[in-house]
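Trainee: One structure, as structure tokens, below. Some questions next.
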Amino acid sequence: MSSSLIPEKPLVISPSLAATIGLEEAVMLSLLNDVALGQPQPNAPLDLDESQLTRLLPFWNDYDIQRISRNLRDQGIISLTSAPYQESRRLTLTFSGGVQTPAPSRPSRAPGPTRAAPGSANLIAPNWQPDTELMRHIAQHGIPDYFVRRHLPEFIAYWRERGESHHAWGARFLKHLLRQWRAEETDQFRRDQEVAMHSDWRPSQDALEVLVKHANISLAFIEDAIAEFVLYWRERGDVTRTWNSKFIQHVKRQWLRYNSALEHSTEPKRLPSDWQPSQDVYDVLRLANIDLEFARRQVPEFTLYWRESNQVHSSWNTKFLQHVKYHWARQHALTTPQQAGQNAGQQAVNPESRTRDRSLFEDLTDRSWAR
């Protein structure tokens, strides 16, 4: 009694052949071999058009037929003389070892290494080269020609030393290239991600623009910071992918320290010709209820005197603060209780007296207010 689920003759596939060349490849090879056996000349080229292949292989689409036939070709089992199937809608081929008639079944034997059928596998030739179709397939994976040329001698030398035979050296070479290419891409990605500092390192143009245009830092100051930055990180031996970011942070910190050192330097220096008291001085005077306009009028006289005296001081702001407080006190006849005791029995200071009633030298050298 026949089953309605199997209306056609079933396909008979050799398990060992499927394990050797692949299940889909074994199915196609078996069906093509059956067609070739029905030809008057079994070893003649097999030419099948789209309609014939649709009846023979109804379970595959055009892409599958092209893909599997190429795999058989890459393994050296068939030779394709037709254009790719999706373009030509035709398969014209010959079997590399001639048409193989089905071999009689043999008793099963103990499991062992799978061996290729005699006559279908061969050693790799010392001058073996990938053909044009294989190179096109390699290019589809984005692998450049120089990479193929670099790994081809190594591939041939390795397999000649092993002395193994295989059906398709093209397919094996493609797998080797893909494995090496992925490893190369991984290594390159890692190198791009993390690199060590080297003696020729320089910040990128973007980093320089951030520092100069956005942080308003002198380009000369940035250039001077590069050598120190490179030396420090070379000695540490760290690797990173953010050297430019690290450099930006380093320069900003150094710039802040530099400006802070200039502003709060304790080194005595001569009074500049364009000197002006800082805003902090005016804040202190405001808290002391001293008129700020009065303080500003003291700047030219103060600057002139100390410029001509050519003396140096570590804090001209403090000096000016003392100067203004002193003259404000004299102008308003303000005295401390200690000064009042010292001046007891002496003539009181005229409340209407002003600084111009005395010489500049007397005003600036008088330290009675500080005692």
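The values are calculated or read from the model by the stated rules, or taken from the named source; none is laboratory data. None of the values given here were measured: they were computed from a predicted structure. Cβ coordinates were reconstructed from backbone atoms using ideal geometry, including for glycine residues, and neighbour counts include every protein chain displayed.
Trainee: Please note which helices (runs of 4 or more DSSP H) are completely contained in the stretch 144-258 and include at least 2 residues that are closer than 30 Å to Asn127 by Cβ and of a type in the set (Phe, Trp, Tyr).
Mentor: Working: elements: 145-162, 169-193, 205-209, 219-236.
Filter on the stretch 144-258 gives 145-162, 169-193.
Trainee: Does Asp47 fit the bill of being modelled with pLDDT of 85 or more, assigned to a strand (DSSP E or B) and among the acidic types (Asp, Glu)?
Mentor: yes
Trainee: Pull out all pairs, ordered by first then second residue, where Cβ-Cβ is under 6 Å, the residues are six or more apart or on different chains, the first lies in the stretch 286-306 and is under 15 Å from Asn317 (Cβ atoms), and the second is surrounded by 12 or more Cβ atoms within 10 Å (Cβ to Cβ) and of a type in the set (Val, Ile, Thr).
Mentor: Qualifying pairs under 6 Å: Ala295/Val324; Gln298/Val324.
Trainee: Being crowded, with 20+ Cβ neighbours inside 10 Å and either in contact with a Gly (Cβ under 9 Å, 6 or more places away or on another chain) or touching a residue at least 40 places away in the same chain (Cβ under 8 Å) (or both): is that true of Leu32 here? Spell out how you get there, then give the answer.
Mentor: Working: crowded, with 20+ Cβ neighbours inside 10 Å: yes; either in contact with a Gly (Cβ under 9 Å, 6 or more places away or on another chain) or touching a residue at least 40 places away in the same chain (Cβ under 8 Å) (or both): yes.
Taking the combined requirement at face value, the residue satisfies it.
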